[in-house]
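The values are calculated or read from the model by the stated rules, or taken from the named source; none is laboratory data. Here the structure is a predicted model, which is why all the values come from computation and not from measurement. Cβ placement follows ideal geometry from the backbone for every residue including glycine, while neighbour counts extend to all protein chains displayed. We work out accessible area using only protein heavy atoms, side chains counted, and drop any ligands, DNA or RNA first. Shrake-Rupley method; radii C 1.70, N 1.55, O 1.52, S 1.80 Å.
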Amino acid sequence: MRLINRTPSRTGWLALAILPFALLLALYLTSSTQRLELNPNDKLLPSFSQMSAAVERLAFTPDKRSGDYLFWQDTASSLKRLGTGLAIAAMAGLCLGVAAGTLPLFAAPLSPLLTVLSMVPPLAILPILFIVFGLGELSKVMLIVIGITPILARDLEQRAREIPRELLIKAQTLGANTWTLILRLVLPQLMPRLMISLRLVLGSAWLFLIAAEAIASTDGLGYRIFLVRRYMAMDVILPYVAWITLLAWAMDFSLRRLTQLLFPWYEGAKA
């Protein structure tokens with residue numbers, strides 16, 4: 001049988017999915033053990049006991065200065081900023097994508113503008129955002145919005161243009177006006193694609209959030225990582241990175257399940 005036609009069983013697929021993570025874990029444990037044997041004070045590759053102690057201190061022990069549980073406070077702050085930014089970007093991207101992909105009069109000015117904006121490195125304008133919006137929450141949310149809205153809008157614009165012209169003509173023949181076309185024909189086609197696009201930009205959204213928190217913030221996951229880096233506190237940094245990865249995966253999984261639940265007819269919902 002050709003390799004392209006070989007499909008693993010359910011058990012085999014699960015084993016293959018776990019394999020790379022198991023190899024990475026084994027490599028880390030081996031390297032950490034070797035370094036700590038040579039130097040018990042080594043900070044580069046802390047043991048799991050050291051990382052567990054750091055997590056316990058941050059997550060389950062109140063901070064002596066503020067009385068807060070720093071780990072959960074950082075998580076709540078970051079998720080609030082990320083959720084706000086994603087929600088605003090999704091709404092703006094959907095509106096711009098529908099306008100640029102459905103209405104020719106709006107497509108003429110919007111399509112080139114979205115193309116140019118999507119090429120601007122968001123981190124390059126971070127200082128401008130701090131100057132315009134200040135060092136508060138707004139600048140961090142705006143970085144996420146500016147960073148991913150053009151990407152979402154361009155993707156939805158392309159999807160809107162892929163809708164068969166025959167459907168639009170038939171709907172108009174049956175008496176549908178512009179708003180009816182958008183609400184009853186275009187939006188149902190774009191909503192599942194919006195969910196998938198959000199999954200694809202999650203990594204970028206987290207990147208923009210961590211960058212903004214690292215530069216100007218008093219709490220958040222990115223703030224804590226960059227705060228302790230000066231002490232080479234890898235026992236804190238590595239669990240925080242793992243936690244961010246887990247949160248991002250949980251958000252991706254939730255969006256996928258929600259897409260499958262709301263739009264079971266959509267082919268991309270199974271991806």
Worksheet item: Which condition number does A176 fail, the rest of (1) assigned to a loop (DSSP other than H, G, I, E, B); (2) under 28 Å from L258 (Cα atoms) being met?
Response: (2)
Practice prompt. Filter the stretch 138-181 down to residues that are more than 24 Å from L200 (Cβ to Cβ) and touching a Ser or Thr at 6+ places or on another chain (Cβ under 8 Å), then give me how many there are.
Written response: 2
Practice prompt. Pick out the one residue from A99, A87, A76, A108 that is open to solvent by 30 Å² or more (accessible area, probe 1.4 Å), without any contact (Cβ under 8 Å) to a residue 24 or more places away in the chain and more than 30 Å from A250 (Cα to Cα).
Written response: A108
Practice prompt. Quick one: in the stretch 132-162, of everything that is without any contact (Cβ under 8 Å) to a residue 60 or more places away in the chain and open to solvent by less than 30 Å² (accessible area, probe 1.4 Å), which residue is nearest to G101 (Cα to Cα)?
Written response: P150
Practice prompt. Considering only the stretch 227-240, state which residues are among the aliphatic types (A, V, I, L, M) and open to solvent by 70 Å² or more (accessible area, probe 1.4 Å).
Written response: M232
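Out of the stretch 52-73, which residues are of a type outside the set (G, A, S) and either exposed (fewer than 14 other Cβ atoms within 10 Å of the Cβ) or in contact with a Leu (Cβ under 6 Å, 6 or more places away or on another chain) (or both)? Give the derivation first.
Step one: of the stretch 52-73, the residues of a type outside the set (G, A, S) are 55-58, 60-65, 68-73.
Within the stretch 52-73, E56, L58, F60, T61, P62, D63, K64, R65, D68, L70, F71, W72 meet the criteria.
Taking the stretch 1-51 only, how many residues are among the charged types (D, E, K, R) and exposed (fewer than 10 other Cβ atoms within 10 Å of the Cβ)? Don't jump to the end; show me each part of the working.
Taking the stretch 1-51 as the starting set, the residues that turn out to be among the charged types (D, E, K, R) are 2, 6, 10, 35, 37, 42-43.
Still in the running and exposed (fewer than 10 other Cβ atoms within 10 Å of the Cβ): 2, 6, 10, 37.
Selection size over the stretch 1-51: 4.
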Worksheet entry | Given (1) within 30 Å of D74 (Cα to Cα); (2) in a helix (DSSP H, G or I); (3) touching a residue at least 60 places away in the same chain (Cβ under 8 Å), number of the condition D219 does not satisfy | (2)
Discussion item. Can you find a residue that is at pLDDT 90 or above, among the hydrophobic types (A, V, I, L, M, F, W, C) and within 30 Å of V141 (Cβ to Cβ) anywhere in the stretch 31-54?
Written reply: yes
Worksheet item: Conditions: (1) closer than 27 Å to G93 by Cβ; (2) touching a residue at least 60 places away in the same chain (Cβ under 8 Å). T245 meets all but one. Number of the miss?
Response: (2)
Item to complete: Please determine, by comparing only the residues of the stretch 1-55 that are more than 28 Å from the chain's Cα centre (by Cα) and of a type in the set (V, I, T), which one is farthest from V241 (Cα to Cα).
Response: I4
Fill in: Test: residue in the stretch 225-245 that is at positive phi and out of contact with any strand residue (DSSP E or B) (no Cβ under 7 Å at 6 or more places or on another chain)
yes
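Name the single residue, out of those in the stretch 176-217 being of a type in the set (S, T, Y) and closer than 22 Å to K140 by Cβ, that is most open to solvent (accessible area, probe 1.4 Å). Give the steps one after another, and end with the answer.
Step one: of the stretch 176-217, the residues of a type in the set (S, T, Y) are 178, 180, 197, 204, 217.
Then drop every residue that is not closer than 22 Å to K140 by Cβ, which leaves 197, 204, 217.
On the way: S197: 5, S204: 50, S217: 27 Å².
The qualifying residue most open to solvent (accessible area, probe 1.4 Å) is S204.
In the set R65, R57, R81, which member is part of a helix (DSSP H, G or I), more than 25 Å from M195 (Cβ to Cβ) and of a type in the set (K, R)? Explain how you work it out, then say what you get.
Values: R65 fails: part of a helix (DSSP H, G or I); R81 fails: more than 25 Å from M195 (Cβ to Cβ).
After ruling out the rest, the residue left standing is R57.
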